[in-house]
Amino acid sequence: MKLYTKHILATSRNKFGKTMALALMLLTVTLASAQDIDDEEMVIVPAGEFIMGCDYEGNEQNCLEEASPAHKVYVDGFRIDKYMVTYRRYNKCVAEGVCTPLFEGAACNAGMPWNSNHPVNCVDYAQAAAFCEWDGGKRLPTEAEWEKAARGTDGRKFPWGNQSPNCDLAVMNRKKKGDKGMGPGCGAGTTQPVGSRPKGASPYGAMDMAGNLFEWTADWFDPAYFKNSPKKNPKGPKTGHHKTLKGSSWLMRTDAGMMSSVRSGYSPLGQGYVVGFRCAKTL
């Protein structure tokens, strides 16, 4: 599981020509059926405790070791974007001269004519943080905030509950029954529009917190952090070499890889085609 996740993140610039060619055809249908949404909407996550992490028992199909142990954490109230930041939103920041253009090519969706309602990918940490600041003085969520927004307070494994992921709930590497198309992105071969899986919403109404793209958080990454992390408003280690990504992507196929407790370390300079973000703001 660890190796699979690292492989996805490390191969962001691999050749992806055939996949993207087929994706363009499939996205024509996707765009035609995409729902009309307010991609600037935020949801409120009230203050209180929740169960963060999971209990690793030597079986990575059940829980990733770096997400162990499960523990109660108190988080102050905050708002978080209901949807990952879209190209439509990000391009407004670029047009105003605040944000820098995103990388184009490979499997990056910048410059694609259909990307307006898709989550931005191939975005590094500084670009994500700069956008959030421009967007009304917001910030990237902490890892604890992100996980609470994704799973609520009842200890569920996924945003929608404990049911195994499928393409009705998340954009992932799986086919629908009887589908002869590709598996990645539920057949799209890339991301799908934000909010395209409303049945997979979190308890607070946040969308795509499993599948579509991994997401940047503000925290530095330490695989052993949960063993001694603060019980109130944890903000990660003070320093580090990698930032913490939460969530999963359109290339993920395993149940364990889609859990809300999943956490991955990634270079803040990375521009992976499976990495996006959303913003948060303290109440």
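For every residue, the table says whether it meets (1) at pLDDT 95 or above; (2) out of contact with any helix residue (DSSP H, G or I) (no Cβ under 6 Å at 6 or more places or on another chain); (3) part of a helix (DSSP H, G or I).
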position	(1), (2), (3)
72	yes, yes, no
99	yes, no, no
102	yes, yes, no
128	yes, yes, yes
177	no, yes, no
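Within region 144-162, can one find any residue that is without any contact (Cβ under 8 Å) to a residue 40 or more places away in the chain, more than 30 Å from residue 96 (Cα to Cα) and touching a Gly at 6+ places or on another chain (Cβ under 7 Å)?
No, the conditions are met nowhere in region 144-162.
For region 224-283, name all the residues that are basic (Lys, Arg), in a loop (DSSP other than H, G, I, E, B) and closer than 26 Å to residue 59 by Cβ. Give the steps one after another, and end with the answer.
Within region 224-283, the subset basic (Lys, Arg) is 227, 231-232, 235, 238, 243, 246, 253, 263, 278, 281.
From what's left, in a loop (DSSP other than H, G, I, E, B): 231, 235, 238, 253, 278.
253, the sole residue that qualifies.
Going by the conditions given, is residue 136 free of Cβ contacts under 8 Å to residues at least 12 places away in the same chain and closer than 24 Å to residue 36 by Cβ? Walk me through it before giving the result.
Numbers: free of Cβ contacts under 8 Å to residues at least 12 places away in the same chain: no; closer than 24 Å to residue 36 by Cβ: yes.
Considered against the rule, which asks whether it is free of Cβ contacts under 8 Å to residues at least 12 places away in the same chain and closer than 24 Å to residue 36 by Cβ, residue 136 comes out as no.
Per-residue answers, yes or no, for (1) out of contact with any strand residue (DSSP E or B) (no Cβ under 7 Å at 6 or more places or on another chain); (2) closer than 23 Å to residue 67 by Cβ:
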residue: 117; (1), (2): no, no
residue: 121; (1), (2): no, no
residue: 163; (1), (2): yes, yes
residue: 168; (1), (2): yes, no
residue: 173; (1), (2): yes, yes
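Answer with yes or no whether residue 13 is under 21 Å from the mean Cα position of the chain (by Cα) and either at pLDDT below 85 or acidic (Asp, Glu) (or both). Even if it seems obvious, please write down each step before you answer.
Numbers: under 21 Å from the mean Cα position of the chain (by Cα): yes; either at pLDDT below 85 or acidic (Asp, Glu) (or both): yes.
Yes: the conditions hold for residue 13.
Scanning for something aliphatic (A, V, I, L, M) and either in a helix (DSSP H, G or I) or modelled with pLDDT under 95 (or both), does region 36-52 turn up at least one residue?
Quick first cut of region 36-52, residues aliphatic (A, V, I, L, M) only: 37, 42-45, 47, 51-52.
The next check asks that each one be either in a helix (DSSP H, G or I) or modelled with pLDDT under 95 (or both); those that pass are 37.
Yes, some residue in region 36-52 is aliphatic (A, V, I, L, M) and either in a helix (DSSP H, G or I) or modelled with pLDDT under 95 (or both).
Residue by residue through region 54-66, note down the ones that are in contact with a strand residue (DSSP E or B) (Cβ under 8 Å, 6 or more places away or on another chain) and buried (at least 23 other Cβ atoms within 10 Å of the Cβ).
Taking region 54-66 as the starting set, the residues that turn out to be in contact with a strand residue (DSSP E or B) (Cβ under 8 Å, 6 or more places away or on another chain) are 64, 66.
Matches in region 54-66: none.
Do you know which residues across region 237-251 are β-branched (Val, Ile, Thr) and either in contact with a His (Cβ under 8 Å, 6 or more places away or on another chain) or within 14 Å of residue 125 (Cα to Cα) (or both)? Talk me through it step by step, then tell me what you get.
First, pick out the residues of region 237-251 that are β-branched (Val, Ile, Thr): 239, 244.
Passing the criteria: only 244.
The values are calculated or read from the model by the stated rules, or taken from the named source; none is laboratory data. Values in this document were obtained by computation on a predicted structure and should not be read as measured data. Positions of Cβ are generated from backbone atoms using ideal geometry, with glycine treated the same way; all protein chains shown enter the neighbour counts.
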